[in-house]
Amino acid sequence: MNHNRNIQFLSSGGLFIAALLWGVSYPATKLVEDYPTFFILPARFLIASAILAVLFRKHFRKMNREILKHAALLSLFVTSMYVFSTVGIKYTISARASFFTCLTFVIVPVLNRLLFRVKISGVILRSIILCFAGVLLLSYAPGMAGLALNYGDLLCIVASVAGSLHIVFLGRVSKKETFDPMLFTTLLMAFVTVWTALAALFTGSFQGIEITGFDFGTIAFLGVFCSAAAFLLQSVCQKYVPANRAGVIFAMEPASGCVLSVLLLHESMGITGWIGALLVLISSVYMETASGRKG
């Protein structure tokens, strides 16, 4: 029992690091925001898939139709998440986009309940309430006052649903005995590269691009750490962490992104933002400690 709890604790830590790495992507992407989104995304995931393919080339011996199918399916969720959030933010203010895109911690338990009859425990419910309050404060702006959903808000919610579906189905796929997280993540990154590259060709995002060494290094950082390393950690660790708990842990992504933007880019964040980030952290710590005592 203690051994299993230790594995769960370490795996939760791995997911926490993945969320922090995705949080780093916010200020890093800000540095290259002048480039088309559908130039950055395929470049980022191409670097990620190439690095993983070299590191785990021996794992290709385990290639089979099932893992190829799962990687292709889940890559559609990941790609949809990036595409819908990218388009959605054009039609709403950034505070609302940030809020609606980061609702996975609410949506994951609902999807688990609807699709797989997974009960929502009291610990998870209390963590979600704390997390919801934190993300709301983190994303709060005067423009958040209106309750009516606009077109951009709806697209961001779709992005959040896509991300939640990835978390839910990865939680199921990763528990299969034949699941190889290294091979799966490599294939996942490769498929996302293909889908975003097709979007780039459709939007003409590859035309007339001239990139500096610093900007290429930034995109490479996004590929190696914020894509390859983060998604690999998710694929390895989520096998041992229930999807509902993983959803709450991943709420650290926007919190860490905002804090890092303040520290690295000297952006401002009001007192409500700091309180919100603290509440998100408290919700994750409470969930892990309470789940550990219950276990």
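The values are calculated or read from the model by the stated rules, or taken from the named source; none is laboratory data. Values in this document were obtained by computation on a predicted structure and should not be read as measured data. Note that we place each Cβ from the backbone using ideal geometry, even for glycine, and neighbour counts take in every protein chain shown. For the accessible areas, the whole protein counts, side chains as well, though only heavy atoms, and no ligand, DNA or RNA atoms are used. Shrake-Rupley method; radii C 1.70, N 1.55, O 1.52, S 1.80 Å.
Apply the membrane-span-like helix rule to the chain: whole DSSP H runs, Cα extent along the own long axis of at least 15 Å, mean Kyte-Doolittle hydropathy at least -0.5. List the helices found. It would help to have the intermediate numbers written out before the result.
Details: long enough: 2-31 (44 Å, 0.32); 37-55 (27 Å, 2.15); 65-88 (34 Å, 0.95); 104-116 (17 Å, 1.83); 122-139 (25 Å, 2.28); 151-173 (33 Å, 1.50); 181-203 (32 Å, 1.77); 252-265 (18 Å, 1.62); 271-294 (34 Å, 0.82).
Span-like helices in the chain: 2-31, 37-55, 65-88, 104-116, 122-139, 151-173, 181-203, 252-265, 271-294.
Per-residue surface analysis assigns PHE60 an accessible area of about 80 Å², computed on protein heavy atoms at 1.4 Å probe radius.
For LYS58, a cut-off of 17 angstrom between C-alpha atoms picks up these aspartates and glutamates, skipping any fewer than 8 places away in its own chain: ASP180.
At a Förster distance of 51 Å, what's the computed FRET efficiency of VAL54 paired with THR289, Cβ-Cβ distance as r, to 0.05? If you can, show how the numbers build up before the last one.
Details: r = 39 Å, r/R0 = 0.77.
Efficiency, rounded to the nearest 0.05: 0.85.
Helix-only arithmetic for the chain: the sum of -39500 (n - 2.57) across DSSP H runs with n ≥ 4, divided by the residue total, places the mean residue ellipticity at 222 nm at -25000 deg cm²/dmol. Calculate I(q)/I(0) for the chain by the Debye formula, one identical point scatterer on each C-alpha and no solvent, and give its log10 at q = 0.08, 0.09, 0.15 Å⁻¹ to two decimals. The Cα Debye sum returns log10 ratios of -0.33, -0.42, -1.23. Of the whole protein surface, PHE191 contributes about 50 Å² of accessible area at a 1.4 Å probe radius. Hey, any idea what % of the chain's accessible area is carbon plus sulfur with a 1.4 Å probe? The C+S portion of the solvent-accessible surface of the chain is 69 percent.
For MET252, MET63, what's the largest-to-smallest order of accessible area, 1.4 Å probe? It would help to have the intermediate numbers written out before the result.
Values: MET252 15, MET63 75 Å².
Sorted descending by solvent-accessible area, the residues read MET63, MET252.
Counting Lys and Arg as +1 and Asp and Glu as -1, what is the net charge of the other residues whose Cβ lies under 15 Å from the Cβ of SER164? Please list the in-between numbers first.
Details: positive: ARG113, ARG172, ARG245; negative: GLU253.
Local net charge: +2.
Taking Cβ atoms as reference points and 12 Å as the exclusive limit, the residues near LEU73 contribute a net charge of +1, counting Lys and Arg as +1 and Asp and Glu as -1.
Among VAL106, HIS59, SER75, whose Cα projects farthest towards the positive end of the dipole of segment 1-136, with charges put on the beta-carbon of Lys, Arg (+1) and Asp, Glu (-1)? Projecting each Cα onto the dipole axis, the largest value belongs to HIS59. Measuring with a 1.4 Å probe in the full set of protein chains, what accessible area per residue, in whole Å², belongs to segment 1-59? Per-residue value: 54 Å². The charge dipole of the chain, taken about the Cα centre with unit charges on the Cβ atoms of Lys, Arg (+1) and Asp, Glu (-1), comes to about 1360 debye, rounded to the nearest 20.
Can you give the net charge of the other residues whose Cβ lies under 15 Å from the Cβ of MET189, counting K and R as +1 and D and E as -1? Mind dumping the intermediate values first?
Values: positive: ARG44, ARG57; negative: ASP180.
So the surrounding residues net to +1.
Annotation: LEU114 carries an accessible surface of approximately 120 Å², with a 1.4 Å probe and no ligand, DNA or RNA atoms counted. Here the spin labels are modelled as points 7 Å beyond Cα on the Cα-Cβ line, and at PHE116 and ALA141 they lie 3.6 nm apart. Packing, as the average of other Cβ atoms within 10 Å across residues, places the peptides 79-88, 265-274 in the order 79-88, 265-274, highest first. Backbone N atoms of segment 37-69 closer than 14 Å to the 7 Å Cα→Cβ label point of PHE214 are not found in any residue.
Of LYS239, LYS175, the order by accessible heavy-atom surface (1.4 Å probe, DNA, RNA and ligands excluded), from most exposed downward, is LYS175, LYS239.
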